[in-house]
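Beneath this line is the structure, given in structure tokens, with notes to follow.
Just so it is clear, none of the values below were taken in a lab; they were calculated from the coordinates. For clarity, every value in this text was computed on a predicted model and none was experimentally measured. Ideal geometry is used to build each Cβ from the backbone, glycine not excepted, and the neighbour counts take in all protein chains shown.
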Amino acid sequence: MTYDVNIDGKNYRLELDRADGRWDCRLDGRDVEIDAILARRDVLSILIAGKAYEIKRERTALDMHLWVGSVRYAAQLRDPRSLRSRASADDGKGPRKLLAPMPGKIVRVFVKEDAEVEAGQGVVVVEAMKMQNEIKSPKKGVVRKMIAAEGANVNAGDVLAVVE
Amino acid sequence: MFKKILIANRGEIAVRVIRACREMGIQSVAVYSDVDRAALHVRKADEAYHLGPAAAAESYLNIEKILAAAKRSGADAIHPGYGFLSENARFAHACAEAGIQFVGPTAASMEMMGSKTRARQHMEKAGVPFVPGTSRGVESADEAARVAKKIGYPVMLKAAAGGGGKGMRLVHAEEQLRSALESAQSEAQRSFGDDEVYIEKAIVNPRHIEMQVLADEHGNTVYLGERECSIQRRHQKVLEESPSPIVDPDMRRRMGEVAVRVAQAAGYTNAGTIEFLVDAEKNFYFLEMNTRLQVEHPVTELTTGLDLVHLQIRITAGEKLPFKQEDVVLRGHAIECRIYAEDPDNNYFPSPGKITLLLLPSGPGIRRDSGMYEGWTVPIDYDPLLAKLIGYGTDREQATARLVRALNEYFVGGIKTNISLFRRILNDKEFHAGKLDTGYLDRLLARPSADVPRDEKAAEVAAIAAGVFAVLDPATETRSDTNGVNGTGVEQGSHWKRIGREEALQ
């Protein structure tokens, strides 16, 4: 199995095979001696040339993070044979989504659909645990969709609005 | 002794009190709001009764509903925990009228300590040292200017009914005084319904050290040593320890004796805490008395070997303190970390949500008082305190090392926590040197974080792990997740639908 892995923005080519409980691992063409077991769901014990690591995985609807010790890495995994491997270019053009950074309640909606917004302008206020967080527009543009409504509960990663 | 105690609280402190009840052979009764049916305290108690909607005013602050649950369950006492109704004299009154014992002081001593200016008037009579200033609210801006000139700038304006930094203003010079007074008064009026504001000399970057006391109903009052609580953010304590790195036996005895005088002057019974400000010359000044069990009580329990909740219950039942002041011997060192659901990378903003993975520390010298479990969704409605991790050792160095070790074992997945903040504090040179004051944490956070060694090796390990996970644990790859809060999200649904939508937007 071959994977394209992206860790904190850096790409790796990982070749991984398992036969008779033994692993065959190549990272960017280099042979790496590994042994791995799944300790429980989302927790991996890996030995790399005898050095022991415990890896924790966090997944949300939006992304995956891996913890090596106490350091958290953003991780993306792609099977190059998969069709769904086109990169999502993020060049500031095109629509941008405003996401809820954490679960909470929408307490204010500052702008309506089709309104023009400046970069950094407050669009929505999300309240959780008595703290209010203003979600700002990532770019100058027009609010193409306003999904958030005052009084609604939202989850982390929910799309609140789309600015184009 | 009581047969059944209702705990009028939630979270880790409710679990803490339930455990004490079980140890003492007392039945425990939990209460809960709409969003807390699945909370740990409801699972742990012998009985549980629903109060009402999530809003605290309709549940954990609702005296009538709590007393109705107490009557229905036949509880003969109520433990209020901390926060919520714990320092509400009206609640203590209502319990007494309903014939239910309140685990805490009398309503009268709560009332006396509830107003900072009234407390100050009483305590001055008892010879308690105060920060120089007025013991009653200032009548006019001219009077404020006169007082400020006499005690010397900088001065602090404080709301008499205040707490948590509301209605507080630091004033460096006379020309700022008038506008600061007006804004402090209007903020005090808005926050507490009372615009009384008094003036104190500002002690710049003081330490915040508090003394635990216990008093029975037979006239015995003892002190149980201090807690250093200088590590704070936005006037909220983050890490506490006992003993304080700067308090020696003589200072402890002097502070303890003052604390006992304060408690006696207030006719105080049960567990209480006297807070002091300490200046750079180690002069200490009375700040206020907290008439309840404190969040940070475990550090005192570890260094004294006493169980404060057991003792609170015994005192309420009319028992005498089973020991004298000279029997209280401090041993070792304890440090507590308050684990909050908040995001260190987003200015410590609250981060509720579902806990998808929870790995727990254990081993020598580790105590964990927690209200969370894996699979539980942290509600958005309450204080973000999840758990307290306490490290104990023969000395400060060992307690610190054990805590760092345990923090590395502790993992809370699915939500953000401030665990990384404690690694930073506990590895900091100034913390190790014991150089603490209430400005310490802001200074630490202003410096760039150096504690994250993002080396290439670890990133390669992560890359390999990503692939191994895909081989060994692929079932979770398409798991439709996770952060369900109240199930009314704007845009939930399947992974595939979401990707379809995302692509449609590109």
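Points worth noting:
- Across peptide A:148-154, the average count of Cβ atoms from other chains found within 10 Å of a residue's Cβ is 3.
- Only Lys, Arg, Asp and Glu carry charge here, each on its Cβ (+1 for the first two, -1 for the last two); on that basis the protein assembly as shown has a dipole of about 360 debye about its Cα centre.
- Each listed q (0.09, 0.11 Å⁻¹) maps to a log10 I(q)/I(0) for chain B, found by the Debye formula over equal Cα scatterers with no solvent: -0.70, -1.03.
- The radius of gyration of the Cα set in the range B:223-362, together with its Dmax, comes out at 17.2, 50 angstrom.
- Considered as an equivalent ellipsoid built on the Cα gyration tensor, the protein assembly as shown has semi-axes of 47, 30, 26 Å, the largest given first.
- Antiparallel DSSP beta bridges within the protein assembly as shown, as percent of all bridges there, nearest 5: 90 percent
- Cβ charges +1 (Lys, Arg) and -1 (Asp, Glu), total dipole of chain B, debye: 460 debye
- In the protein assembly as shown, helical runs assigned H by DSSP with n ≥ 4 each contribute -39500 (n - 2.57); averaged across all residues and rounded to the nearest 500, the mean residue ellipticity at 222 nm is -8000 deg cm²/dmol.
- Cut-off 10 Å between beta-carbons: net charge of the residues surrounding B:ARG314, Lys and Arg +1, Asp and Glu -1: -2
- Distance between the range B:67-99 and the range B:273-306 - C-alpha centres, whole angstrom: 26 Å
- Taking every Cα-Cα distance in chain A and sorting them into 10 Å bins from zero, the calculated P(r) comes out as 9, 27, 27, 19, 14, 4, 0 percent.
- Cα-derived Rg to Rh of the range B:31-99, Kirkwood definition: 0.93
- Relative intensity, log₁₀ I(q)/I(0), of the range B:1-143 from a Debye sum that treats every alpha carbon as a point, q = 0.15, 0.17, 0.20 Å⁻¹: -0.74, -0.87, -1.09
- Only beta bridges with both residues in chain B are counted; by DSSP, about 80 percent of them are antiparallel.
- By the rule of a C-alpha distance below 17 Å, with chain neighbours fewer than 8 residues away ignored, the aspartates and glutamates paired with B:LYS457 are A:ASP8, A:ASP28, A:ASP31, A:GLU33, A:ASP35, A:GLU54.
- Among the listed pairs B:LYS116/B:LYS166; B:LYS125/B:LYS149; B:LYS237/B:LYS388, those with a Cα-Cα distance over 22 Å are B:LYS125/B:LYS149.
- For the range B:280-331, a simple Cβ point-charge model (Lys and Arg +1, Asp and Glu -1, everything else neutral) yields a dipole of about 100 debye relative to the Cα centre.
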